[in-house]
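Worksheet for the structure shown next.
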Amino acid sequence: MYLGKADVNTYDKGAGREYLVSNGRGSYGFSTVIGANTRREHGLLVVRPEGETKHSVLVSKIEETIFHEKKKYQLSTNRYKDLVYPDGYRYLQEYQGNPFPSMLFVIHSILLKKSIFMPQGKACTIVKYQLLAAPDKVRIDLRPLFAHRINSEICSESEKGEFEVFFKENSSVGVEGKGSKSYFKVTSGTWAEKSLWYENLIYEQDDIPETPSVDHLWSPGYVSNDMSEGDVLYVILSNEPITMSMDEILLIEKECSERFENILEQANLPAFSSAEQDMIAASYHLIDDRDDPISPVYTGYPSVEFKARDTFVSLPGLTLATGREKIAERALRIWLEICKQNDWVMPERIAPDKRCIFEAADNGLWFVYAADKYTSHVGIKDKDSNIRAAARKTTDRYITGIEKLDLSCEDNMLLKVNSDDPIRHWMDSVAGGEAVVHRRGYLVEVNALWYNALKVSEKFAEADNDIAAKEKYAEMALKCAASFREVFWNSDRKCLYDWIDLSEKVKDTSIRPNQILAASLPYSPLTDDMAKGVIRICWDELYTTYGLRTLDPRQDKFKGRSEGRLDQRMKARFRGMAWPWLLGEFISAFLKYNPTRTDLGWIFMRPFNSHLRHRCLGGIAECFDGMMPYKPHGDVLSAMALGELLRVLHENLQFDE
């Protein structure tokens, strides 16, 4: 990833491109390439304490100032209500993303390179300043700004509270406030104590403008250094005292630099293009590499949550395509234990207090899907018998019906959702107290996943030499497929109904993308002609540059852009916005029935080459406007979006010449 002057020569261009570093343990550094924080989740040091599910922004940023020949040059950039000050982005000449984020500032003949990296497994961020060229000595002042707040919150004027320096030694300080401690250490320099509040900073990219995004940050002082050409400074930001010699810092820097190459070598993708390399590298930010994580896969950034569906949908791309089969196995084992503890009902997510929250009806079915992808990738092995058994037990639990999910298995072997509560499916937005998408009864994606789960369980039963169970699942799957075609097939439009409630006289004929799963999943209940009809209508009515729309534009309720009031934006999410993870399913479905047209598969993928250079660099956004100009929204790095596109590269496109 390389950005030149033309990519960052205005505030809007620079603030619209974000870098991300992480430590594989839940801590991260996240900001824009020009250093202006535009989200409350931005910060140089954002940590998640052991056992916690919420992240805290400890050190928000560092204000850098260069003095030369009695002139002052401020390299930082901040956004206030009515102005941008300082405008240090004017000195930024280039950005490089590999092996880790680096920015080059040019002031006449002074060239200063700033690099940011996080050691694997350590809750600290290291910022390196390297004076590449200078006519003579220059002075650099480094002033840390502390936040000490939950990453989804801001510090209002009335809640500023008290900060204090509780530790000071040479060029190192420890700061305490709001129940947290953090440390700022520079490898050399003179500390000057001069506390300041940076007030009324605006976070303009927050997707919820109704919520105040005006923050206040505190700085206790700054460290001054005189530097000559070739000199290097390291700043270590941490949540606990860290003592590192220069040799240790250099070793950590070398390890972080080599990590990128190791990531690419480990991947099961050839990754010939820089776009593929950047996507593989970005996938590592979504994995929690601890031995005992709450869950190994994050939903994305800046949400950084744990959700079952996000984990299972993204698991083939984030782990199997990138050569991390052990992470995939660990994720499945963690969630199967959670499912087992809840009578084989899969929860939606883990709450901050570690309670299991049960919402959508399809989470367990996605678990069976992920278990099948894993065993198909690594092969049937004895050590994975409990994963196969868990998938079968989860399937069996659906057969008996799940009251807490308002779910029943009918005599026709279709699953029925006996509620119109939107939390029972993934299109779960509520606006003005009403569901954005009314659905109940037989839901098309739930039953496509259900048929797939029955066939997977049939395969697993055969692998475990349980012939009676194999025959049981086969019989159920046969009945399910026949009922699926009878109930969902819309013969007039040659596609599938999105949902069917037999108690309602009129069928909803809206074209939605959920039907694509009936064609894309490993096991399809459709005939080939039916599947091709589904693919064609999704292509004609729902396909956009960055995903499948959630509603046909011809519908009266179509709302293609996320704009206006909060309720209007919530409606847009599932009434017209496009989702990249659905595009992954569409590409797989298309290539399943058109195996010689991988050229079109690449055409569907190529627009993301441009998107990777905006927003979170190397990442794929959660969703996009469903019409021009296709602006991205939601998480700037989404596990489901990135995972699905990596899966397509691995399963469908990597062997294409």
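The values are calculated or read from the model by the stated rules, or taken from the named source; none is laboratory data. Quick caveat, the model's predicted, so the values are computed rather than measured. So basically every Cβ, Gly included, is an ideal-geometry build from the backbone, and we count neighbours across all protein chains shown.
Residues that are in contact (Cβ under 8 Å) with a residue 60 or more places away in the chain, more than 17 Å from L318 (Cβ to Cβ), basic (K, R) and in contact with a Leu (Cβ under 9 Å, 6 or more places away or on another chain): does the stretch 571-584 have at least one? Yes, because at least one residue in the stretch 571-584 is in contact (Cβ under 8 Å) with a residue 60 or more places away in the chain, more than 17 Å from L318 (Cβ to Cβ), basic (K, R) and in contact with a Leu (Cβ under 9 Å, 6 or more places away or on another chain).
Looking at this structure, is K128 surrounded by fewer than 18 Cβ atoms within 10 Å (Cβ to Cβ) and either assigned to a strand (DSSP E or B) or of a type in the set (V, I, T) (or both)?
The answer is no for K128.
Kindly indicate whether any position in the stretch 500-510 is under 29 Å from I387 (Cβ atoms) and in contact (Cβ under 8 Å) with a residue 60 or more places away in the chain. No, the stretch 500-510 contains no residue that is under 29 Å from I387 (Cβ atoms) and in contact (Cβ under 8 Å) with a residue 60 or more places away in the chain.
From the list Y80, Y89, the lone residue that is buried (at least 23 other Cβ atoms within 10 Å of the Cβ), over 22 Å from C124 (Cα atoms) and not β-branched (V, I, T) is Y89. Could you tell me whether the stretch 543-564 includes any residue that is surrounded by fewer than 17 Cβ atoms within 10 Å (Cβ to Cβ), in contact with a strand residue (DSSP E or B) (Cβ under 6 Å, 6 or more places away or on another chain) and either modelled with pLDDT under 90 or outside any loop (DSSP other than H, G, I, E, B) (or both)? No, the stretch 543-564 has no match at all. Which members of the stretch 467-486 meet the condition of being out of contact with any Asp or Glu (no Cβ under 9 Å at 6 or more places or on another chain) and surrounded by 18 or more Cβ atoms within 10 Å (Cβ to Cβ)? Passing the criteria: C480, A481, F484.
With respect to the conditions (1) within 20 Å of the chain's Cα centre (by Cα); (2) crowded, with 18+ Cβ neighbours inside 10 Å; (3) not small (G, A, S), N609 falls short on a single one, namely (2).
Could you grab me the full set of residues in the stretch 406-423 that are farther than 25 Å from E434 by Cβ, in contact (Cβ under 8 Å) with a residue 12 or more places away in the chain and of a type in the set (A, V, I, L, M, F, W, C)? Hits for the stretch 406-423 are M413, L414. Only one of the numbered conditions (1) buried (at least 19 other Cβ atoms within 10 Å of the Cβ); (2) within 25 Å of A36 (Cβ to Cβ) is not met by L591, and that is (2).
Annotation: A391 fulfils all but one of (1) over 15 Å from Y473 (Cβ atoms); (2) under 27 Å from the mean Cα position of the chain (by Cα); (3) touching a residue at least 60 places away in the same chain (Cβ under 8 Å); the unmet one is (1). Looking only at residues of the stretch 38-56 that are touching a Phe, Trp or Tyr at 6+ places or on another chain (Cβ under 9 Å) and not in a loop (DSSP other than H, G, I, E, B), we find that the one that is nearest to D136 (Cα to Cα) is L44.
None of N262, N239 is within 20 Å of I116 (Cα to Cα) and touching a residue at least 60 places away in the same chain (Cβ under 8 Å) except N239. Among the conditions (1) outside any strand (DSSP E or B); (2) within 20 Å of L637 (Cα to Cα), Y95 misses just one, which is (1).
Within the stretch 31-58, the residues that satisfy the criterion of being within 22 Å of K81 (Cα to Cα) and touching a Pro at 6+ places or on another chain (Cβ under 7 Å) are R39, E41. The set of residues in the stretch 522-542 being surrounded by 19 or more Cβ atoms within 10 Å (Cβ to Cβ) and acidic (D, E) consists of E541 alone. Residues in the stretch 516-564 that are under 25 Å from the mean Cα position of the chain (by Cα), over 27 Å from N652 (Cα atoms) and free of Cβ contacts under 8 Å to residues at least 40 places away in the same chain: K559, E563, G564.
Those strands (runs of 3 or more DSSP E) of the stretch 155-269 in which at least 3 residues are among the hydroxyl-bearing types (S, T, Y) and more than 24 Å from H285 (Cα to Cα), considering only elements entirely within it, cover 190-202, 214-227. Within the stretch 164-183, is there a residue that is in contact with a Phe, Trp or Tyr (Cβ under 7 Å, 6 or more places away or on another chain), within 18 Å of V46 (Cβ to Cβ) and of a type in the set (S, T, N, Q)? Taking every residue of the stretch 164-183 in turn, at least one turns out to be in contact with a Phe, Trp or Tyr (Cβ under 7 Å, 6 or more places away or on another chain), within 18 Å of V46 (Cβ to Cβ) and of a type in the set (S, T, N, Q). Of a type in the set (A, V, I, L, M), on the phi < 0 side of the Ramachandran plot, assigned to a loop (DSSP other than H, G, I, E, B) and within 13 Å of the chain's Cα centre (by Cα) - does that describe any residue in the stretch 634-646? Looking through the stretch 634-646, at least one residue is of a type in the set (A, V, I, L, M), on the phi < 0 side of the Ramachandran plot, assigned to a loop (DSSP other than H, G, I, E, B) and within 13 Å of the chain's Cα centre (by Cα). Condition check: more than 27 Å from N200 (Cα to Cα) and crowded, with 22+ Cβ neighbours inside 10 Å. Does M103 satisfy that? When the stated conditions are applied, M103 does not pass them. All conditions in (1) farther than 23 Å from H108 by Cα; (2) in contact (Cβ under 8 Å) with a residue 40 or more places away in the chain; (3) charged (D, E, K, R) hold for D82, with the sole exception of (2). Out of all the residues in the stretch 438-494, which are under 30 Å from the mean Cα position of the chain (by Cα) and in a loop (DSSP other than H, G, I, E, B)? Once the filter is applied, which keeps residues that are under 30 Å from the mean Cα position of the chain (by Cα) and in a loop (DSSP other than H, G, I, E, B), the stretch 438-494 yields H438, R439, R440.
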